[in-house]
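Q: First, the structure itself, so that you have it in front of you.
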Amino acid sequence: MSVKRIGVLTSGGDAPGMNAAVRSVVRTAMFHGIECYGIRRGYNGLISGDLIRMDEKSISHTINRGGTILYTARSKEFMTEEGQKKAVSTCKFLGLDGVVAIGGDGTFRGAKALSSHGVNVVCIPATIDNDISCTNYSIGFDTAANTAIECIDRLRDTMQSHERCSVVEVMGRNAGFLAMYVGLAVGATAVLVPEKPIDFEQDVIEKIRRARFNGFTHYMIVVAEGSGSAAEIATKIKEAIDLDPRVTVLGHIQRGGVPTGRDRVNATKMGYLAVELLLQGKTNRIVCTKDGHFTDVAIDEGLKMQRRIQDIEVDVLAAMTGI
Ligand code: F6P
């Protein structure tokens, strides 16, 4: 397949490292003499024709910037057949030989729709939730996790001084990957994730009691947003035991900030591979990591896969908490 012109977009929730992926797509395209267009505001940009020509200047000093220079959106219009047809005609009008779509599973579903209308698409996983089943790693997770860890370390200082209990809500939508990782990293008293049904007495109160029995005077409870609200958990703790927990919802703080080296390097490799796949005539693919290697899967196949929190994380957590 001859590839002369491609587009790149970011869609869904932004994730630190998206810019590094865009930069890599543009640089790889330039390396191969391919023209590259930045499609702005996700699939909305394809519908309205909001595109800009990308070159070395448009991506300069972006590898270290959080957010996305292309803006992002969760396009409602693109979910309609009408919207998809408009997007396809933009691709045809501009003669795009391929589109690289960077985002989470919603982005991939959009890419699948584009692909079903004959547009060549390759996806790159980027979401702080790390909940894309076909890949072990999604761009943004490392930065978000480290941001949350730093915030909770700060909280611990004041919780320790006042001998308090803290209930911290971590993002992740319906998945607990971020909360589990962060909970392990901060040495939480308890971690609640949606993948594991909660026995409040056993999983929270008992752990606090045991920690107290062992001489601890402050307690850190990490809650994945998909497990319920930190405020509700705090109220239940107050009702069950003589503590007056403080609630912190980390919220969108977790999505911003300078991407870590890991996110920049993975994004750079994935951006490169996405363009190489298009050059090899492969389409309808997701770039992913598996067993420490970079590979790719069909979008359909990737969307069907299921991923669970690793047993080792659950086992380690059980050993590390409530002592
Ligand atoms: O998918 C990324 C994410 O940050 C989730 O963790 C969170 O539930 C959601 O996006 C928040 O979305 P919004 O930015 O629309 O509030």
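The values are calculated or read from the model by the stated rules, or taken from the named source; none is laboratory data. It should be emphasised that the depicted structure is a prediction, and the values quoted were computed from it without experimental measurement. Glycine also receives a Cβ, built like all others from the backbone with ideal geometry; neighbour counts cover every protein chain displayed. The accessibility values were calculated without ligands, DNA or RNA, using every heavy atom of the protein model including side chains. Shrake-Rupley method; radii C 1.70, N 1.55, O 1.52, S 1.80 Å.
Q: Hey, among Thr107, Thr72, Thr68, Thr62, which residue is in a loop (DSSP other than H, G, I, E, B), closer than 25 Å to His252 by Cα and open to solvent by less than 10 Å² (accessible area, probe 1.4 Å)?
A: Thr62
Q: Which one of these does Pro194 not meet: (1) within 16 Å of the ligand (Cβ to nearest atom); (2) outside any loop (DSSP other than H, G, I, E, B)?
A: The one condition Pro194 does not meet is (2).
Q: Name the residue that is surrounded by the most Cβ atoms within 10 Å (Cβ to Cβ), counting only residues in segment 75-84 that are charged (D, E, K, R) and in a helix (DSSP H, G or I).
A: Glu77
Q: If a residue must be more than 16 Å from the ligand (Cβ to nearest atom), in a loop (DSSP other than H, G, I, E, B) and free of Cβ contacts under 8 Å to residues at least 60 places away in the same chain, how many such residues does segment 204-244 contain?
A: Matching residues across segment 204-244 total 5.
Q: Please work out if Thr90 is polar (S, T, N, Q) and under 22 Å from Val3 (Cβ atoms).
A: yes
Q: Could you check segment 249-272 and list, in sequence order, the residues that are surrounded by fewer than 21 Cβ atoms within 10 Å (Cβ to Cβ) and away from the ligand (no atom under 16 Å from the Cβ)?
A: Val258, Thr260, Gly261, Arg262, Val265, Thr268, Lys269, Tyr272
Q: Which one of Val182, Val167 is in the same structural domain as Pro245 (by TED's automatic domain parsing), away from the ligand (no atom under 16 Å from the Cβ), under 16 Å from Gly251 (Cα atoms) and touching a residue at least 12 places away in the same chain (Cβ under 8 Å)?
A: The conditions single out Val167.
Q: I'm trying to understand the selection: among the residues of segment 36-54, which are open to solvent by 50 Å² or more (accessible area, probe 1.4 Å) and more than 16 Å from the ligand (Cβ to nearest atom)?
A: Result: Arg40, Ser48, Ile52, Arg53.
Q: Now for a separate question. Are any residues in segment 85-98 open to solvent by less than 50 Å² (accessible area, probe 1.4 Å) and either basic (Lys, Arg) or within 18 Å of Arg40 (Cβ to Cβ) (or both), and if so, which ones?
A: The answer is Ala87, Val88, Thr90, Cys91, Leu94, Leu96, Gly98.
Q: Right, another one. Residue by residue through segment 1-19, note down the ones that are small (Gly, Ala, Ser) and outside any loop (DSSP other than H, G, I, E, B).
A: Gly7, the sole residue that qualifies.
Q: While we're looking at this one, here's another question. For segment 110-129, give me the residue count where each residue is within 12 Å of the ligand (Cβ to nearest atom) and either at pLDDT below 95 or open to solvent by less than 10 Å² (accessible area, probe 1.4 Å) (or both).
A: Residues flagged as within 12 Å of the ligand (Cβ to nearest atom) and either at pLDDT below 95 or open to solvent by less than 10 Å² (accessible area, probe 1.4 Å) (or both) within segment 110-129 amount to 3.
Q: For residues in segment 159-188 being open to solvent by 20 Å² or more (accessible area, probe 1.4 Å) and in a loop (DSSP other than H, G, I, E, B), which is farthest from Ala231 (Cα to Cα)?
A: The qualifying residue farthest from Ala231 (Cα to Cα) is Gly187.
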